[in-house]
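The structure appears right after this line, and notes come after that.
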Amino acid sequence: MMLRRGFILLLPRLVGLLVVACCSVSIVYMLACTPKGDNQPLALPRVHSPTAKEGYEAILQEREEQQHNYIISLKKQIAQLKAELQGRNEQLKNVQDQYPDPSDIRLDHSNPEKAQANLLAFLRSQIDKAEVHSGVRLSTEYAAVPFESFTLQKVYQLETGLTRHPEEKPVRKDKRDELIEVIELAVGSLNNPEGNGNAKHRVYTTSDFVEGIYRTEKDKGTLYELTFKGDMKHQFKRIVLFRPFGPVMKVKNENVNMADTLINVIVPLAKRASKFRQFMQNFREMGIQQDGRIHLTVVYFGKEQMNEVKSILENTSKSANFKNFTFIQLNEEFSRGKGLDVGARFWKGNNVVLFFCDVDIYFTAEFLNSCRLNTQPGKKVFYPVLFSQYNPSIIYGHHDSIPSLEQQLIIKKETGFWRDFGFGMTCQYRSDFINIGGFDLDIKGWGGEDVHLYRKYLHSNLIVVRTPVRGLFHLWHEKQCLDELTPEQYRMCMQSKAMNEASHGQLGMLVFKQEIETHLHRQKLSGRKT
């Protein structure tokens with residue numbers, strides 16, 4: 001940029017120098033061709049001299065040769081100046097071609113084709129600068145730019161503020177138009193594949209759209225990843241688009257076959273047999289019956305309630321004809337990080353997707369597909385933001401009865417929140433987990449181990465996909481923060497406990513319950529008097 005500006009500043013000086021040179025040549029020429037004054041009389045031969053005619057001819061020929069030589073010299077200087085000016089212009093154009101600048105493109109109306117080429121070059125350079133093809137090393141977990149997810153009808157967003165909801169139809173017209181444009185462009189790209197000629201292929205419509213994620217790097221552009229149904233079951237089409245603050249550009253069009261992609265769900269557990277029974281009901285319906293490409297690893301700490309947990313696991317295995325499970329028992333104090341690490345390293349098969357899960361999590365079959373689609377060995381790991389359920393007793397306290405669990409799992413401002421401060425539920429390939437170094441096994445008890453692993457991934461060149469998902473829920477349960485926790489762990493535990501109870505509005509109703517009841521009582525008395 002500095003070199004280009006130097007050339008631009010130098011151009012006026014070169015033009016001025018050329019003008020001055022031309023003026024100087026003209027002045028010298030006029031002086032040389034003007035007859036001398038009276039004080040310098042010409043030595044001309046006398047008129048009646050026998051050599052007068054020859055003398056005049058000799059003098060004129062000499063002067064003519066001098067003027068001719070002088071003009072040739074000036075022409076050579078002008079040609080040299082022109083050549084130098086042309087060389088500088090070519091250097092400047094080369095710099096502009098190598099580093100196209102938006103201001104130069106807008107100002108160059110004389111060559112529309114070149115301006116368009118420069119614009120495309122600039123926009124493509126934005127793709128190279130953005131986090132599209134590879135991850136970027138980040139200093140802290142707060143530097144990661146999260147994705148937001150969307151379907152044809154809804155957007156699932158993190159930054160809700162006071163007026164937005166965690167799940168909503170896009171209210172702003174620009175947001176609606178943006179997502180509609182992207183989906184339609186992706187459908188058009190699928191229906192017009194490159195290089196297939198006249199080959200027949202299925203016609204895609206918006207009804208084939210499964211889900212998409214997008215995020216904006218504010219100095220580069222917006223990245224979109226859209227997933228469509230493929231030609232066969234468990235096959236998908238992925239379209240990657242990028243909007244570099246201008247036209248959307250197709251980045252990738254690839255087939256994604258997940259038919260043989262196995263997920264190993266690893267659950268660390270101590271006691272909590274009743275919660276495990278509820279978890280296995282969800283696992284059987286979504287994991288075994290609907291998905292079918294799943295393995296369960298339970299890492300159990302201690303022996304209390306162990307037989308009951310094993311009985312639940314064996315009964316599910318018999319009733320569902322499910323053999324893809326592993327039970328590991330450790331005679332030591334519960335450590336979530338240790339349990340997940342042991343479960344991940346115990347696997348002896350081919351490279352597999354690991355889903356680190358807790359016993360109080362509810363997931364859908366759609367989430368398991370998202371887990372597969374957003375992980376790629378050596379390239380991407382998935383950190384979904386789950387929807388955390390509020391205390392049903394507070395949410396439905398004014399109802400006659402609390403609805404069933406399935407009816408409670410709705411994404412609304414009054415029923416829960418995006419657990420964007422939690423990093424415990426994650427999907428990654430086993431090879432990436434091993435290569436990154438696994439969990440910090442020095443951390444004991446509750447909390448902290450997930451953040452350390454998350455930071456390891458952020459400090460690597462892997463792409464970390466962080467997005468709210470509609471099929472992963474944290475079920476409410478009363479949280480107990482034990483005295484043996486470190487001060488930092490205890491603070492995190494209490495923060496989580498407070499967040500889990502109810503929304504600000506619902507907690508406010510509880511805090512001001514007495515004041516509200518007093519107001520209603522006064523209103524009732526006032527009505528009687530009138």
Could you grab me the full set of residues in segment 198-217 that are open to solvent by 20 Å² or more (accessible area, probe 1.4 Å), of a type in the set (A, V, I, L, M) and in contact with a strand residue (DSSP E or B) (Cβ under 8 Å, 6 or more places away or on another chain)? Val210
Residue that is among the charged types (D, E, K, R) and without any contact (Cβ under 8 Å) to a residue 40 or more places away in the chain, where the choices are Lys323, Lys250, Lys275: Lys323
If you go through Glu84, Glu54, the only one that is surrounded by 13 or more Cβ atoms within 10 Å (Cβ to Cβ) and either at pLDDT below 75 or out of contact with any strand residue (DSSP E or B) (no Cβ under 9 Å at 6 or more places or on another chain) (or both) is Glu84
Mind listing whichever residues of segment 471-527 are in contact with a Lys or Arg (Cβ under 8 Å, 6 or more places away or on another chain), loosely packed, with under 15 Cβ neighbours inside 10 Å and modelled with pLDDT of 80 or more? His477
Across segment 338-361, what is the total count of residues that are under 21 Å from Gly302 (Cα atoms), crowded, with 22+ Cβ neighbours inside 10 Å and of a type in the set (Phe, Trp, Tyr)? 1
Looking only at segment 293-324, which residues are open to solvent by 50 Å² or more (accessible area, probe 1.4 Å), under 19 Å from Cys357 (Cβ atoms) and among the charged types (D, E, K, R)? Lys310
Show the residue pairs meeting these rules: Cβ distance below 7 Å; 6+ apart or different chains; first residue within segment 327-348 and within 12 Å of Ile443 (Cβ to Cβ) and in contact (Cβ under 8 Å) with a residue 24 or more places away in the chain; second residue surrounded by fewer than 16 Cβ atoms within 10 Å (Cβ to Cβ) and hydrophobic (A, V, I, L, M, F, W, C). Gly337/Leu441; Lys338/Leu441; Asp341/Leu441
Helices (runs of 4 or more DSSP H) wholly in segment 379-461 with at least 3 residues that are surrounded by 18 or more Cβ atoms within 10 Å (Cβ to Cβ) and at pLDDT 90 or above - which ones? 430-436, 449-458
Every pair of residues 6+ apart whose Cβ atoms lie under 9 Å, when the first sits in segment 174-189 and is over 21 Å from Lys237 (Cβ atoms) while the second is part of a helix (DSSP H, G or I): none
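The values are calculated or read from the model by the stated rules, or taken from the named source; none is laboratory data. If you're wondering where the values come from, they're calculated on a predicted model, not measured in any experiment. Ideal geometry is used to build each Cβ from the backbone, glycine not excepted, and the neighbour counts take in all protein chains shown. Keep in mind that these areas ignore ligands, DNA and RNA; they rest on the heavy atoms of the full protein, side chains included. Shrake-Rupley method; radii C 1.70, N 1.55, O 1.52, S 1.80 Å.
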